[in-house]
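A quick write-up on the structure given underneath.
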Amino acid sequence: MHIIKKFYTYRKKDLREAAISFSQKQFIIFGFVFVVCLTSLFIMLGNLNRMFMVEVPKNGGTVIEGIVGTPTLVNPVMANSDADKDLTALVYSGLMRKNSLGELIPDLAESGPTISEDGKKYTFTIKEEAKFHNGKKVIADDVIFTIEKIKDPTIKSPQKSRWDGVSVSKIDDKTIVFTTTEPYSSFLNNTTIGILPSSLWENVNPNDFGISSLNNSKAIGSGPYKIKRVIKDDEGFAKKYELERFNDFILGKPLIKNFNVISFDNEKEVIRALQSKTITQAGCISPENMNNIKKDNYSIETTTLPRLFGLFLNSKNNKIFANTQVLKAVNMSIDRQNIIDQVLGGYGQSINNPIPEKMSPGEEDIKYGNNTILEANKILEDNGWVLGPDNIRYKETEIKDGKNKEIVTERLSFKITTGNTPELRKTIELIKDQLYKIGIEVDISKIYETGQLNQIIRDREYEALFFGQIINHQTDLYSFWHSSQISDSGLNIAMYNNRKVDNILESMIKENLARDELDKKYEELKKEFANSTPAIFVYSPHYLYLASKNINIVSLENMVSPADRFSSVYLWSANTDRVWKIFAK
C-alpha cells in the first residue's frame, strides 16, 4: 500500500512538472486536444446510449377531437349519423373488434367463435373479466338484449337489416349462440356491434328508446372510454363530450387519459378550430380545405375508404347506354386523374369497377392521354357516329315501313343527374368537357338537393346518375348489383340484370369461402362487369385525418368507415418517451 501511495505521489509530481514545462503554444495545443478527446468521448457515449434506446408510447395526456354534427344517440342500436357513430365507437365494444390491419380480433369474446359445419351456428364465450363502465359484468343476457332491440321494429334500428334472419340464444351466462337461416360469409362483421347493459335498459319502453338519457350523458358501455361530463349549449344541445379512459377496458388500459370530443356545425368551424389549436385533431377534412391549414403543425393520415363514385346508367331512359361501343368510348375518355386533381386536390384513387381495392387488391391506375381520345373517336366513327357541325356526333338510321322509308337521326347525347354539392357539380362539369372531345353532348342541369334526389333515385327518373356507393362487405355488393334489388325499394340503381353476376353474388354471401376462393369470385365479377358496363366508375376519395404531431395514431390504412379510426384508439398515445430496450414492454 505504501509503495502504491509513493507511486501516485511521484506520478502527480511528474505531471505537475510536465505542465509547468509547457510553453504557451504547447499548452494551447494540449488543451485543444484534451477538449476534442473529451467531446468525442461524450459523442461516442451518446451514440452508444441511443443504440440501446427505443421510442415508446407515453402514458397519459389529453386529445381533443373535432367533429361535424351533434351526437344525440350514443347507442350502438340507434346510432345513425357519423357523429353518433364516432362517440359510440369510443364508448362501446362488441364481441369482436377490428384491429389496425382490418382483421377481426376478440374483444369481449374470449376468442373467435366456434362455427358449425353447416356454417349456420356461431358460438361465443364472453371473457370472465369483461365489465361495463359501471362495474357490472358483461353476460350473455346483455348480448341477447342488444340484438333483440336491434330487431325490434318499434325501435327502427339502422342495424336491423344486418340481423334479419339471425337468432340468438344462450347456453349459460357467458356463452351465446347465433344461428343464421343460411350460411352468411360476412356475419362476423356484425359481431363488432357494441353491447348494451341490459340491467340499465330493460325498463326503458321501446317507444322511448330514442329519448332516454342513456343515449348521451348517461351512456354506459364497455369500450375504451367512458363519459365523464357532457357540456351543453344554451339550447340544450351537447357541444362537448369529456371522456376519460376506462381502466378496466378488456383489451388493456388506454394510453391516453382524456379524450374530449367537440361538436361543430360545419367543416369551416372545424378548420378554424384546428388553426387556433382549440382541437388537436379532426377527420373527414375535404381536399379544398386542406390548403387552409398549416400542415407543418399536423401529421396527415390518408386512406381510401370503400366509397365509389361513378355514372350509373339507365338504358331504359336512354337507349345509347345499350350500345357497348358507346360505353367503351365513354369509359376510356374520362380523365379520372384530372378529375381527382381538380376536384379532390389529388386526394383520391381512380377506379374502373365496383369492387373496392381493399376487398380485392391489385387494380392498376387507369391511364389517360391523347391516344385514348383518338381511339375513342375511332370507335364511335366505326360504329356509325358522325361528327356534326356543332361537334356533336349523330347517327342516321333508315327505318322501313312497308314501301315507305324514313331516316331517323339519333343524337349522341345524355343527361347526368347528381346532388347539389361542390364536389359532385365540379365532377360532372369536367366529365361534360372531357366527353365533348369525342363528340358526346352532356346535359348537366339536373342537380338536386338530397331529399328530391332520393325520390328521383327511388323512381329511377334519370338517364345517368353520378352518385356514390359505400361497399363494406359482400352483402353490400349483393344489395347494389343483384337483380332482386332492381325495384324502387332496392339499391340496384343501375337496374343491372345479369344472371351470372347473381349466381356469383349469391355464392359469396351464402358460402364460407376461403380467401383464395373469394378472390376468384371477385375476379369473375370484375370480368363480368367489364363485359357489360352497367356503370362507369371514376374515383374513390381519400379520407383525410389531421392530428397534432405529438399524437401517435395507430395506422388508419385499413379502415372502411370513418368511425373505424377509433378501433385501435386504446393504443394511441399523446407523446413518446425514449427508454432503454430492456425497459420497453
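Side notes on the structure shown:
- Any hit, the stretch 308-315, residues being over 12 Å from residue 534 (Cα atoms), in contact (Cβ under 8 Å) with a residue 24 or more places away in the chain and in contact with a helix residue (DSSP H, G or I) (Cβ under 7 Å, 6 or more places away or on another chain): no
Each row is one residue, and each column tells you yes or no for (1) over 29 Å from residue 260 (Cα atoms); (2) of a type in the set (S, T, N, Q); (3) in contact with a Leu (Cβ under 7 Å, 6 or more places away or on another chain).
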position: 87; (1), (2), (3): no, no, no
position: 91; (1), (2), (3): no, no, no
position: 94; (1), (2), (3): no, no, yes
position: 103; (1), (2), (3): no, no, no
position: 109; (1), (2), (3): no, no, yes
position: 128; (1), (2), (3): yes, no, no
position: 140; (1), (2), (3): yes, no, no
position: 169; (1), (2), (3): yes, yes, no
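- Of the residues making up the stretch 232-250, those that are of a type in the set (A, V, I, L, M, F, W, C), assigned to a strand (DSSP E or B) and modelled with pLDDT of 95 or more number 1.
- Filter result (surrounded by fewer than 15 Cβ atoms within 10 Å (Cβ to Cβ), out of contact with any strand residue (DSSP E or B) (no Cβ under 7 Å at 6 or more places or on another chain) and either of a type in the set (D, E, K, R) or at pLDDT 95 or above (or both)) within the stretch 395-425: 400, 401, 403
- The sole residue among 54, 77, 68 that is within 60 Å of the chain's Cα centre (by Cα) and at pLDDT below 75 is 54.
- Of the residues making up the stretch 114-134, one or more are touching a residue at least 60 places away in the same chain (Cβ under 8 Å), aromatic (Phe, Trp, Tyr), part of a loop (DSSP other than H, G, I, E, B) and under 19 Å from residue 175 (Cβ atoms).
- Those residues of the stretch 411-452 which are assigned to a helix (DSSP H, G or I) and basic (Lys, Arg), in sequence order: 425, 426, 432
- Residue match in the stretch 495-503 (condition: out of contact with any Asp or Glu (no Cβ under 6 Å at 6 or more places or on another chain) and farther than 23 Å from residue 530 by Cβ): no
- For the stretch 280-325, taking the residues that are among the β-branched types (Val, Ile, Thr) and assigned to a loop (DSSP other than H, G, I, E, B), the one that is modelled with the highest pLDDT is identified as 280.
Conditions (1) in contact with a Phe, Trp or Tyr (Cβ under 7 Å, 6 or more places away or on another chain); (2) under 24 Å from residue 321 (Cα atoms); (3) among the acidic types (Asp, Glu), marked per residue:
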residue: 493; (1), (2), (3): yes, yes, no
residue: 498; (1), (2), (3): no, yes, no
residue: 507; (1), (2), (3): no, no, no
residue: 517; (1), (2), (3): no, no, yes
residue: 522; (1), (2), (3): no, no, no
residue: 526; (1), (2), (3): no, yes, no
residue: 531; (1), (2), (3): no, yes, no
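- Among the candidates 155, 150, 176, the residue that is in contact with a helix residue (DSSP H, G or I) (Cβ under 6 Å, 6 or more places away or on another chain), in a strand (DSSP E or B) and either surrounded by fewer than 17 Cβ atoms within 10 Å (Cβ to Cβ) or of a type in the set (A, V, I, L, M) (or both) is uniquely 176.
- The stretch 198-217, residues that are outside any helix (DSSP H, G or I) and under 28 Å from the mean Cα position of the chain (by Cα): 210, 216, 217
- Given (1) of a type in the set (A, V, I, L, M, F, W, C); (2) part of a helix (DSSP H, G or I); (3) in the same structural domain as residue 322 (by TED's automatic domain parsing), index of the condition residue 563 fails: (3)
- In the stretch 460-479, residue farthest from residue 561 (Cα to Cα) [restricted to those that are modelled with pLDDT of 90 or more and not in a loop (DSSP other than H, G, I, E, B)]: 464
This table checks each residue for (1) closer than 17 Å to residue 356 by Cα; (2) among the hydroxyl-bearing types (Ser, Thr, Tyr); (3) surrounded by fewer than 17 Cβ atoms within 10 Å (Cβ to Cβ); (4) in the same structural domain as residue 258 (by TED's automatic domain parsing).
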residue	(1), (2), (3), (4)
498	no, no, no, no
501	yes, no, no, no
511	no, no, yes, no
525	yes, no, no, no
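- Meets criteria (assigned to a loop (DSSP other than H, G, I, E, B), touching a residue at least 24 places away in the same chain (Cβ under 8 Å) and touching a strand residue (DSSP E or B) at 6+ places or on another chain (Cβ under 8 Å)) for residue 75: no
- Filter pass, residue 554 being within 20 Å of residue 350 (Cβ to Cβ) and assigned to a loop (DSSP other than H, G, I, E, B): no
- Condition check for residue 544: closer than 30 Å to residue 267 by Cβ and either surrounded by 19 or more Cβ atoms within 10 Å (Cβ to Cβ) or touching a residue at least 12 places away in the same chain (Cβ under 8 Å) (or both): yes
The values are calculated or read from the model by the stated rules, or taken from the named source; none is laboratory data. As the structure is a computational prediction, the values presented were derived from the model and not from experiment. With ideal geometry, Cβ positions are generated from the backbone for all residues, glycine too; neighbour counts draw on all protein chains shown.
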